[in-house]
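Comments concern the structure below.
The values are calculated or read from the model by the stated rules, or taken from the named source; none is laboratory data. Please read all numbers here as calculations on a predicted model, not as lab measurements. Glycine also receives a Cβ, built like all others from the backbone with ideal geometry; neighbour counts cover every protein chain displayed. Accessible surface areas use protein heavy atoms only, side chains included; no ligands, DNA or RNA. Shrake-Rupley method; radii C 1.70, N 1.55, O 1.52, S 1.80 Å.
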Amino acid sequence: MNKTSPRFWGLNFLPHSTLQRLYMPFKTPTVQTASPAALLKDSQSLTKLPVSYSNLLSQCVAAKSLTSGMELHAHLIKFGFSRHPGLRNYLVTLYSKCCRFRYARKLVDESFEPDVVSWSSLLSGYVQNGFVEEALLVFNEMFLLGVKCNEYTFPSVLKACSMKRDFNMGRKVHGMAVVTGFESDGFVGNTLVVMYAKCGLLDDSKRLFGGIVEQNVVSWNALFSCYVQSELRGEAIDLFKEMMRSGMRPNEFSISIILNVCAGLQDGGLGRTLHGLMLKMGLDLDQFSANALVDTYSKAREIEGAVAVFQEIAHPDVVSWNAVIAGCVLHDRNDLALMMLDEMNSSGTSPNMFTLSSALKACAAMRFKELGKQLHSCLIKRVADSDLYASVGLIDMYSKCEMMDDARRAYDSMPKKDVIAWNALISGYSLCGDDLEAVSLFSKMYNEDIDFNQTTISTVLKSVASLLAIKVCEQIHSISIKSGIYSDFYVINSLLDTYGKCNHIDEASKIFEERTWEDLVAYTSMITAYSQYGDGEEALKLYLQMQDADIKPDAFICSSLLNACAKLSAYEQGKQLHVHAIKFGFMCDIFASNSLVNMYAKCGSIEDADRAFFEIPNRGIVSWSAMIGGYAQHGHGKEALQLFNQMLRVGVPPNHITLVSVLCACNHAGLVNEGRQYFEKMEEMFGIKPTQEHYACMIDLLGRSGKLNEAVELVNSIPFEANGSVWGALLGAARIHKNIELGQKAAERLYDLEPDKSGTHVLLANIYASAGMWENVAKVRKVMKDSKVKKEPGMSWIEIKDKVYTFIVGDRSHSRSHEIYAKLDQLGDLLSKAGYSPVVEIDIHNVNRSEKEKLLYHHSEKLAVAFGLIAMPPGAPIRVKKNIRICVDCHTFLKFKSNIQFTGGSLLFPYIFTGLMLEIDSVSVELVLYHIQISPHSMLNAPFYPILQLEMFGCL
C-alpha cells in the first residue's frame with residue numbers, strides 16, 4: 001500500500017487488530033478524549049441534542065478514533081439519528097479516514113439523496129490512504145449519478161491523478177473545474193499546479209500558478225516543491241528567491257523544502273543563509289526544519305554546524321539523530337558518529353534501521369569488529385537482521401573487518417537477496433584479496449540469470465585485474481555489451497583499467513579512444529598502463545593530450561608519469577613534472593614524493609634525489625628503500641649503508657626490496673664482509689627469507705670480488721631452483737675473471753631458463769674472445785643465428801634544443817658527422833697522450849688490433865658525447881641515454897676524458913660506472929664528468945620525447 005507523506009496529509013494508521021473490532025461488545029473508551037466518553041454516559045440528553053453528536057463525531061474524526069466513533073454510531077442507530085445528513089457525513093468521513101471503506105460506502109448508498117459531502121469524504125479517504133484506482137472509480141460514479149463536485153472534491157480527485165500520473169484524467173477534471181467555476185479557488189488552483197508538475201508539464205504548471213488570483217505561501221510551496229520532486233533544484237531556488245522578491249513571507253515549510261534542496265546540492269553557503277533568514281524572521285525551528293537543517297550542514301561537509309543545530313533541538317527525535325549520525329559517517333567522522341550513537345542510547349531514543357545501518361558503516365570504516373558484532377546482536381533482538389539495508393550493512397562491516405565467514409553467513413541468512421547484496425559480497429571478497437571467489441560468485445550470478453548492474457561489473461573487474469585473467473576480462477566485456485551497460489562510465493573505466501593491468505595495451509587504448517567523454521579516471525588508467533608496461537613515451541604524450549583537454553592531474557597520475565620518466569631515464573621531463581607536482585600541491589602526497597626520489601635516482605641525479613628524500617615529511621619504507629637503492633645504484637655504498645642504519649634507528653623495519661638495495665650497495669662498494677653479514681642474518685634480524693634477488697646480489701658480490709668458489713657453493717646451497725638472475729650473476733663473474741669452465745656451465749643453465757635472451761650468448765662469446773678461442777665464438781654466433789636470437793643493437797640518444805638525436809655504432813647519417821668524427825680524433829689524441837689504451841679484449845670480432853680499436857672508437861655513446869661537445873652551449877650539461885650496458889672500453893675512455901685539462905682545472909666529481917646516463921659539462925677550458933649510470937635492464941629501443949612542448953620532434 002502506498003502511503004502519502006505525513007507532512008502533507010497527517011496520516012496515522014491504527015493497528016490492524018483495532019480495525020477488525022467491528023462487532024465486539026461496546027465498552028467505555030479509556031484512551032480517547034474525555035468529552036466523548038463523558039457525554040456518552042448521559043444518553044438521555046443526547047436523544048434531544050443532535051448537535052452534541054456532531055461535536056462528538058467531529059472530535060472522533062479529528063483524532064481518528066474509530067472505536068468511539070463506532071460507539072456513537074450505535075447510539076445514533078438506537079435513538080433514531082442515523083439518517084441525519086450531517087451526522088451521516090461525519091461517519092462517512094471517519095470510516096474513510098480509518099480505512100473502513102465498506103461501512104463508509106454503505107452509509108453513502110443508504111442516503112436518499114446523493115450528498116456531495118459524503119461522496120467527497122469517501123473520495124478523500126481513498127486518496128489519503130493511497131487507494132488511487134478506487135478514488136477515481138468513486139469520482140466516475142459521482143459523475144454518472146449527477147453529483148456535482150465542490151471545492152473539496154476537485155483537490156482530492158486531482159491529487160489522485162497526480163499520484164497515478166494520469167494526465168488525461170487530470171485534464172478532464174481541470175476542464176470540469178473551469179466549467180463549474182472552481183478553477184479560481186485557491187485549493188483547487190494549488191492542486192492543479194501540483195498535478196501538472198507531477199505529470200511532467202512544469203511549464204503549464206508555472207502558467208497555472210501565474211493565473212492564481214490570490215497567491216499565498218501555500219501556492220508558492222506547492223510550486224517549488226514540485227520542482228524539487230522533479231530534481232530541478234536550481235529552478236526551485238530561483239522560485240524561492242522570486243517569492244522573497246515578491247514580498248511573500250516564507251513559512252517553516254518553505255524553508256524546509258529549500259533546505260532539502262541545499263542538502264541535495266551540498267550547498268552549505270545557501271544553507272547558512274536560510275538558517276540566518278529563519279533567525280531574522282523569527283521563524284520557529286520546528287522539528288522538520290531543524291532536521292532538514294542538520295541534514296543540509298551534514299551533506300555540505302559542515303559537521304560542526306550540523307552538531308550545533310542538533311544540540312539546539314530541545315527534544316530530538318529519531319530522524320534528528322539519524323541525520324547527524326549519517327552526516328558524521330558520510331564525511332568520515334566515524335568516531336563522532338559512534339559517540340552520537342552512545343548519546344542517543346543514553347537519551348532513551350531507540351535507534352531504528354537507518355541508525356543501525358549508519359553505525360555499521362562507522363564500524364566498517366574503523367574496523368571495530370566487536371562493536372559491529374554488538375550491533376548485529378541488536379538487529380537480531382529486533383528481528384531486523386533480515387532487513388535488506390541492515391543485512392547489506394552487516395556484509396560490508398564484516399568484509400572490511402576481514403571476517404568473510406561472518407559476512408557470508410549474514411548473506412546466506414537473507415531471505416531475499418537483491419543485486420545490492422550480491423554486490424556487497426563480491427566487493428567483500430575482492431577487498432579481502434579472495435579474487436577467485438569474487439569472480440566465481442559473479443559466474444554463479446550470471447549462470448542463474450540473476451540481474452546485475454554496472455556496480456557488479458566494475459567490482460568483479462577489480463578482481464579480474466588482480467588475477468590478470470584476460471580471458472575472463474574479455475568475457476565480461478562481451479557480457480557488458482550484450483546487457484546494454486557497456487556505455488556506463490564506471491564500466492568503461494574498469495574495463496580500461498583491467499586491460500591495462502593485463503598488459504593488453506592495444507585493447508585498452510581502443511576503449512580509451514572510443515569513449516565519448518574526457519575524465520581523469522580514464523587518463524589515469526591509460527597513463528598507468530603505459531608506464532607500467534614500458535611505453536613511457538606514450539604516457540608522456542597522453543599527459544600532453546590531457547593538458548590540452550584542460551583536465552587537472554592528480555597525485556596518482558603524477559606518480560605514474562614520474563615512474564615513466566625513471567624507466568626512460570628522462571631527466572628533463574622528470575624535472576618538469578617536479579615543477580607540476582609543486583604547482584598542483586602534490587608534494588605532500590607520499591606516492592608522488594617517493595616516485596620523485598626514484599626518478600631522480602634512476603636519471604643519474606643523486607643530489608636531487610637526496611633533496612627530494614629529505615623533503616618528505618613522513619617517510620615510509622618505500623621512501624627509505626628508494627633512496628637506499630639510489631645510493632647503491634650510484635656506487636655510494638657507504639652512504640647507502642649509513643642511511644639503512646639511520647632507517648633502523650628511527651624504527652622503520654626493512655622489507656625484501658630494501659635488503660636487495662643494501663646488498664647492491666655492498667656490491668658497488670666492494671664490502672664483501674658486510675654484505676655476507678646482512679645476507680646470512682637477514683632472516684634472524686628482520687624475519688625475511690632470502691629470495692632469488694638476494695641470492696643473485698650476493699653471488700654477484702662474491703663473483704666480482706674474485707671469490708668464485710664461494711659463489712658456486714652459494715648457488716648450490718639455494719633451497720629452491722635458481723632462476724636466470726642467479727645464473728646470470730655467475731656468468732657475469734666468469735666473464736670478469738675469464739673462467740671459461742664456469743662460464744660454460746652458467747650459460748648452459750641460462751639456455752634452458754631463458755633461451756630467447758641474447759645476453760647469455762654475448763657474454764659467453766666475450767669469455768671465448770678474451771681467451772682467443774675464436775672457433776668457439778663462431779659457434780656461439782651460429783647458435784644465435786640458428787635459434788633466431790638477435791642481439792639488441794646498442795643505441796645512444798642525446799637531446800639538444802627539444803630534438804632527440806639517435807646514434808648507433810659507426811653512425812655517419814648525421815648531417816654533422818664530419819665535425820663529430822673530427823672531435824673524436826681530437827679527443828683520441830689527447831687521451832692517448834694521457835695514457836688511454838683501447839680495451840680490445842672485449843671485442844669479439846676476429847680481426848687485427850687496429851680494426852678492433854676502430855670499431856671500439858666509433859661506439860654510439862662516444863659519438864653522442866662528441867656531438868654534444870660541438871652542439872651544446874658552453875656550461876650546459878650533456879646527457880646521453882643508452883639502451884644497453886656501457887662497454888668496458890667506453891667506461892675507460894670516459895674515465896680518461898674526465899681527467900683531460902686544456903689549460904688547467906681539476907676533476908670535480910669521481911667517475912662512477914653505475915648507470916645509464918652520461919653527464920658532461922661542456923666548458924671552454926676543461927671537461928668535467930659527473931657520473932655514468934648503468935642499469936642491468938635495457939631501455940626502449942625508441943627515442944623519447946620532451947613533455948610540456950606543443951610540438952613533438954622525432955629522431956634525426
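Taking R0 as 45 Å, what's the FRET efficiency between Ala314 and Leu265 from their Cβ-Cβ distance, rounded to 0.05?
Working: r = 29 Å, r/R0 = 0.64.
That pair, Ala314 with Leu265, gives E of 0.95.
Rounded to the nearest 10 degrees, the angle from helix 217-229 to the longest Cα principal axis of the chain is 40 degrees. Tell me, what is the percent relative contact order of segment 247-305, built from C-alpha pairs under 8 Å that lie six or more residues apart? In percent, rounded to a whole number, it is 46. Report the local net charge at Ala104: Lys and Arg +1, Asp and Glu -1, summed over other residues whose C-beta lies under 15 Å from its C-beta. Local charge sum for Ala104: +2. Here is the list for segment 373-433: trypsin sites (Lys or Arg not before Pro) lying in DSSP coil, each with at most 10 other C-beta atoms within 10 angstrom of its C-beta, are Lys416.
Spin-label model, Trp517/Glu792: points 7 Å from Cα along the beta carbon direction are separated by 4.1 nm.
I need the shape label for segment 308-412. Rule: rounded when a/c is under 1.5, else prolate if a/b > b/c, else oblate, with a, b, c from the alpha carbon gyration tensor. Let's see the in-between values first.
On the way: a/c = 2.38, a/b = 1.66, b/c = 1.44.
Judged from the Cα gyration tensor, segment 308-412 comes out prolate (a/c at least 1.5, a/b above b/c).
Shown here for segment 752-817: trypsin sites (Lys or Arg not before Pro) in loop regions (DSSP other than H, G, I, E, B) with at most 16 other Cβ atoms within 10 Å, namely Lys757, Lys788, Lys790, Lys791, Lys801, Arg812, Arg816. Label positions at Lys471 and Glu607, each projected 7 Å from the Cα along the C-beta direction, are separated by 5.6 nm. Label sites at Gln692 and Glu572, each approximated as a point 7 angstrom past Cα along Cα to Cβ, lie 3.8 nm apart.
With every protein chain in place and a 1.4 angstrom probe, the accessible-area ranking of Phe452, Phe442, largest first, reads Phe452, Phe442.
Listed peptides 761-768, 819-826 appear in the order 761-768, 819-826 once ranked by packing, highest mean of other Cβ atoms within 10 Å at the front. Other residues with beta-carbon under 12 Å from the beta-carbon of Val439 carry, at +1 per Lys or Arg and -1 per Asp or Glu, a net charge of 0. In the chain, the longest principal axis of the Cα atoms and the axis of helix 202-211 are about 40 degrees apart. Rounding to the nearest 10 and keeping the result within 0 to 90°, find how far the Cα-based axis of helix 132-145 lies from the longest principal axis of the chain. Relative to the chain, helix 132-145 is tipped by roughly 40 degrees. Computing Kirkwood radius over Cα pairs in Å for the structure here picks out one of [x] 34.8; [y] 31.0; [z] 35.9, namely [z]. Taking a sphere under 13 Å around the Cβ of Val419 and counting the other residues whose Cβ falls inside, with K and R at +1 and D and E at -1, yields a net charge of -2.
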